[in-house]
Amino acid sequence: MQPRIPRQTAHDLAEQGMRRADHDAGLSADLAAVVAGARRRALRDGDRQIDTAHLLHSLLESDPEVSAVFGEGPGSARLLGYLVQRSIGYGLRWQSAVEDSGAVPVVDGSAAGLSPLAAACMERARERAARHGGPARGLDLLAAIVDDPQARAVEVLGRAGIDVPGLTAR
C-alpha cells in the first residue's frame, strides 16, 4: 500500500520553505498563520494542494473578522459542518483534480503548494491590501475567494446556504 502523502527529501523541504517565505511576503502575520493552517489541513487530508476551501476553513477558525462576517447563526454552523465533512470524505472527488476555474490566468501555485486558483486569490488579496496600504488580511483573502464563482470555497458556501452574492456585496 502506498502512503497517501508522497515522501519528501530534506532538499525538497528546504526548497519548499524558501518558496513559502517568498510567497508569504506581503501578508499580515495573522494571514500567514491562516495559510500555514490551511497547509497543515491539506497535508492531513491527503490533498496535493491547498485550495480555496482549505483557506476558507482556516480563515473561519482563526480570523475573528472573517468569522464575524458569517455571524453565529445556523448558516455559520452549516458552513463549518461542510468544511469538516470535507476532511472526512466530502472532498475526496477533489483530491485528484487541480482547482482552477480558467477564469483567471494560470498562476503557478506549486511554489507554496497552492492550487492555481488559491494562488490567484492570494495575489488578489495582496493587490486589495495594497489599495488600503497594508499587508493582506483575512478579509482581503475572503473577498478574493468569493470573487470567483468556480472556487471550491464558493461551492461549499453555496451548499451551506450562504448567500455568496450578498457576501460579496458586503
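Observations on the structure shown:
- Some residue of region 113-131 being within 19 Å of R41 (Cβ to Cβ) and at pLDDT below 90: yes
Matching residues to (1) in contact with a strand residue (DSSP E or B) (Cβ under 8 Å, 6 or more places away or on another chain); (2) farther than 16 Å from L59 by Cα; (3) small (G, A, S):
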| site | (1), (2), (3) |
| --- | --- |
| E123 | no, yes, no |
| G133 | no, yes, yes |
| G138 | no, no, yes |
| A144 | no, no, yes |
| P149 | no, yes, no |
| P165 | no, yes, no |
| A169 | no, yes, yes |
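- Complete set of residues in region 27-61 that are among the polar types (S, T, N, Q) and in a loop (DSSP other than H, G, I, E, B): S28, Q49
- Sub-7 Å Cβ pairs linking a first residue in region 50-75 that is within 18 Å of D163 (Cα to Cα) to a second residue that is loosely packed, with under 15 Cβ neighbours inside 10 Å and of a type in the set (G, A, S), at least 6 apart or interchain, are G75/G161, ordered by first then second residue.
- Filter result for G75 (surrounded by fewer than 16 Cβ atoms within 10 Å (Cβ to Cβ), out of contact with any strand residue (DSSP E or B) (no Cβ under 6 Å at 6 or more places or on another chain) and at pLDDT 75 or above): yes
- So A136, is it touching a helix residue (DSSP H, G or I) at 6+ places or on another chain (Cβ under 6 Å), in contact (Cβ under 8 Å) with a residue 24 or more places away in the chain and surrounded by 22 or more Cβ atoms within 10 Å (Cβ to Cβ): yes
- Members of region 122-170 that are under 20 Å from A38 (Cα atoms), charged (D, E, K, R) and either in contact with an Asp or Glu (Cβ under 9 Å, 6 or more places away or on another chain) or outside any helix (DSSP H, G or I) (or both): R124, R126, R137, D140, D147, D148, R152
- Filter result for the condition that a residue is of a type outside the set (G, A, S), at negative phi, at pLDDT 90 or above and in a helix (DSSP H, G or I), over V66, V84: V66
The values are calculated or read from the model by the stated rules, or taken from the named source; none is laboratory data. Quantities reported herein were computed from a predicted structural model and do not represent experimental measurements. Quick reminder, even Gly has a Cβ in these numbers, built from the backbone with ideal geometry, and neighbours come from all protein chains shown.
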